[in-house]
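Heads up: the structure comes next, in structure tokens.
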């Protein structure tokens with residue numbers, strides 16, 4: 001009996017588990033001097049961003065206080081504590097650049113829409129007062145500059161006032177005043193529309209990109225929201241869509257803006273609709289969609305972007321690591337200054353998109 005038991009034990013083999021390869025820690029590529037990665041970081045965001053993966057933060061937002069067309073000053077949106085957290089990053093990363101981004105939208109409960117940039121920019125005295133306030137704020141907080149996000153001269157969004165007859169010209173005067181007041185030691189950038197100025201209603205709408213160019217360090221091209229389902233909103237090049245990245249860069253270059261003053265915008269969200277909810281979904285939401293209903297990472301070789309289908313039908317276009325890599329390689333080859341993204345907290349917990357942005361700028 002003992003012999004049988006020994007024989008039985010000898011035949012039984014203990015299964016060998018496959019060896020699990022240790023996860024290789026991500027090490028960012030070295031920063032290339034002169035190239036930029038710009039992250040819009042919001043006041044409503046919950047995370048403290050990782051400065052190893054960008055060169056600039058545009059803190060979003062500050063808003064104007066206008067009463068009866070008169071400029072009263074500006075305030076941060078949200079809690080000051082959030083802004084302090086972001087500014088404190090400079091203690092550990094002194095080379096990090098932080099800019100305060102201004103919006104036309106009113107969000108603070110103690111404010112109301114009183115005319116916004118259109119009213120502010122009509123007066124030379126008010127332009128000077130705003131620029132002086134910006135300089136004082138920059139110096140008191142020890143940050144690096146301002147980013148202007150007037151969306152856009154000559155049109156009215158979010159109830160903001162507009163005047164096509166003078167807005168585009170006054171925007172130039174506002175940027176000129178900011179440059180002269182801030183001097184060369186502080187940064188001045190702006191969020192740029194996908195086109196140059198366009199004639200409208202006896203004047204213009206959008207931004208005179210050539211006239212503004214001489215006053216700014218660079219422009220953050222808003223190359224997203226350029227269409228909605230069933231078309232791609234952030235296509236690299238796609239004649240089916242209303243607009244695309246290639247046409248945007250070409251429009252700025254045709255207006256006289258050098259490639260090395262352009263920063264290409266990357267969305268950390270997908271665009272479904274301009275009116276039907278959900279209008280958009282963060283990347284973190286997209287990758288968590290119910291796989292029984294949605295399919296992600298479909299690929300369109302024309303637009304060079306992925307898209308989501310819902311029950312087999314196009315639901316939204318977005319960007320992933322593959323499309324960001326393609327865009328980054330294209331942008332750097334042209335000579336663009338780098339990439340920008342809206343917004344940091346749209347990414348997943350692994351930082352998939354922000355890592356892709358960094359690598360596409362610094363490894364090409």
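The values are calculated or read from the model by the stated rules, or taken from the named source; none is laboratory data. From a predicted model like this one, the values you see are computed outputs, not experimental measurements. Glycine gets a Cβ as well: all are built from the backbone with ideal geometry, and neighbour counts include every protein chain shown.
The numbered conditions (1) within 19 Å of residue 245 (Cα to Cα); (2) buried (at least 17 other Cβ atoms within 10 Å of the Cβ); (3) out of contact with any strand residue (DSSP E or B) (no Cβ under 6 Å at 6 or more places or on another chain) are all true for residue 335 except (2).
Do any strands (runs of 3 or more DSSP E) lying entirely in the range 132-205 carry at least 2 residues that are buried (at least 20 other Cβ atoms within 10 Å of the Cβ) and within 24 Å of the chain's Cα centre (by Cα), and which ones are they? Where strands (runs of 3 or more DSSP E) fall fully within the range 132-205 and carry at least 2 residues being buried (at least 20 other Cβ atoms within 10 Å of the Cβ) and within 24 Å of the chain's Cα centre (by Cα), they are 145-149, 187-192. Can we say residue 212 is farther than 18 Å from residue 60 by Cβ and touching a helix residue (DSSP H, G or I) at 6+ places or on another chain (Cβ under 6 Å)? So residue 212 passes the test. The number of residues in the range 49-75 being over 26 Å from residue 338 (Cβ atoms), modelled with pLDDT of 95 or more, surrounded by 13 or more Cβ atoms within 10 Å (Cβ to Cβ) and touching a helix residue (DSSP H, G or I) at 6+ places or on another chain (Cβ under 9 Å) comes to 6.
Evaluation of residue 46 against the conditions (1) surrounded by fewer than 17 Cβ atoms within 10 Å (Cβ to Cβ); (2) touching a strand residue (DSSP E or B) at 6+ places or on another chain (Cβ under 7 Å); (3) at pLDDT below 95 shows that the sole unmet condition is (2). Scanning the range 348-364 for residues that are under 22 Å from residue 300 (Cβ atoms) and either modelled with pLDDT under 95 or outside any helix (DSSP H, G or I) (or both) yields a total of 1.
All conditions in (1) in a loop (DSSP other than H, G, I, E, B); (2) more than 20 Å from residue 154 (Cα to Cα) hold for residue 225, with the sole exception of (2).
Assess whether residue 336 counts as being more than 21 Å from residue 48 (Cα to Cα), assigned to a loop (DSSP other than H, G, I, E, B) and touching a helix residue (DSSP H, G or I) at 6+ places or on another chain (Cβ under 6 Å). Answer is yes for this residue.
Of the numbered criteria (1) touching a strand residue (DSSP E or B) at 6+ places or on another chain (Cβ under 6 Å); (2) over 18 Å from residue 354 (Cβ atoms); (3) in a strand (DSSP E or B), the one residue 83 fails is (3). No other residue among 252, 242 is in contact (Cβ under 8 Å) with a residue 12 or more places away in the chain and over 29 Å from residue 97 (Cα atoms) apart from 242. Taking the numbered list (1) surrounded by fewer than 20 Cβ atoms within 10 Å (Cβ to Cβ); (2) not in a loop (DSSP other than H, G, I, E, B) in turn, residue 248 passes all entries but (1).
Being in a loop (DSSP other than H, G, I, E, B) and either under 25 Å from the mean Cα position of the chain (by Cα) or touching a residue at least 60 places away in the same chain (Cβ under 8 Å) (or both) is the filter; apply it to the range 284-312 and report the residue that is surrounded by the most Cβ atoms within 10 Å (Cβ to Cβ). Ranking the qualifying residues of the range 284-312, first place goes to 303. Here residue 278 passes the criteria (1) in a loop (DSSP other than H, G, I, E, B); (2) in contact with a strand residue (DSSP E or B) (Cβ under 7 Å, 6 or more places away or on another chain); (3) loosely packed, with under 15 Cβ neighbours inside 10 Å except the one numbered (2).
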